[in-house]
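Remarks on the structure that follows.
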């Protein structure tokens with residue numbers, strides 16, 4: 001299922017991109033345009049098509065922002081449920097609206113941070129910083145995968161990867177190249193913010209969570225698909 005979702009995502013993103021690149025009347029004008037997609041739509045379909053598609057893109061962006069805010073809010077709510085913060089913070093972030101049954105406090109916190117950031121941080125800087133943070137996260141996950149398998153902590157049936165360790169090694173190489181290319185006068189601050197953010201998380205874990213393990217960050221055990229199937233068969237019987 002995961003690979004199928006990945007294939008659909010790649011197809012949805014790559015097919016339109018290939019169509020624009022192959023169908024553009026001028027690659028020079030396309031690459032030099034401030035909005036390559038708008039240039040392509042206007043050149044091939046006229047201004048009306050450009051307006052219609054642009055409105056659709058704007059609506060899709062709004063929908064994506066709402067979905068991301070809800071996703072991060074539930075991540076924050078889950079961290080409070082798993083006792084990842086001091087008790088007063090867990091109580092607030094883990095609260096649920098009595099009628100809507102949604103994590104209202106966590107949603108308001110995420111929405112407020114997003115609104116303030118969007119209002120006062122330049123868009124280009126924010127885009128680069130977000131990308132840098134994603135690169136750092138992927139790099140850490142790949143390094144953790146190598147470390148976990150080497151220590152023997154990932155030998156359970158719930159952890160499988162074909163062609164091991166090709167995937168994490170490729171991810172580390174790509175992320176390393178991207179990080180190296182970002183060490184420039186115009187982008188190093190965004191990269192520094194991502195590194196500092198990750199470092200703060202590591203310090204918080206080592207200083208607060210790790211000494212209190214067993215009482216804090218009480219993550220639930222993973223549930224395997226075969227266990228779900230067996231439970232479903234038992235219920236049906």
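Output yes when any residue across region 124-133 is within 24 Å of residue 204 (Cα to Cα) and in the same structural domain as residue 65 (by TED's automatic domain parsing), and no when none is. No, that holds for no residue.
Against the conditions (1) in a helix (DSSP H, G or I); (2) in the same structural domain as residue 58 (by TED's automatic domain parsing); (3) surrounded by 10 or more Cβ atoms within 10 Å (Cβ to Cβ), residue 22 satisfies every one except (3).
For region 124-149, filtering for residues that are closer than 23 Å to residue 162 by Cα and more than 11 Å from the chain's Cα centre (by Cα) leaves 11.
Taking the conditions (1) closer than 28 Å to residue 80 by Cβ; (2) exposed (fewer than 14 other Cβ atoms within 10 Å of the Cβ); (3) modelled with pLDDT under 80 in turn, residue 154 satisfies each one other than (2). Right, residue 73: at negative phi, within 24 Å of the chain's Cα centre (by Cα), at pLDDT 85 or above and loosely packed, with under 15 Cβ neighbours inside 10 Å or not? No. Would you confirm, using the coordinates I've provided, whether residue 47 is touching a strand residue (DSSP E or B) at 6+ places or on another chain (Cβ under 7 Å) and not assigned by TED's automatic domain parsing to the domain that holds residue 201? Against the criterion (touching a strand residue (DSSP E or B) at 6+ places or on another chain (Cβ under 7 Å) and not assigned by TED's automatic domain parsing to the domain that holds residue 201), residue 47 does not qualify. Each residue in region 86-130 was checked for being in contact (Cβ under 8 Å) with a residue 12 or more places away in the chain and part of a helix (DSSP H, G or I), and 12 pass.
The values are calculated or read from the model by the stated rules, or taken from the named source; none is laboratory data. Keep in mind that what you see is a predicted model, and the values were worked out from it rather than measured. Glycine also receives a Cβ, built like all others from the backbone with ideal geometry; neighbour counts cover every protein chain displayed.
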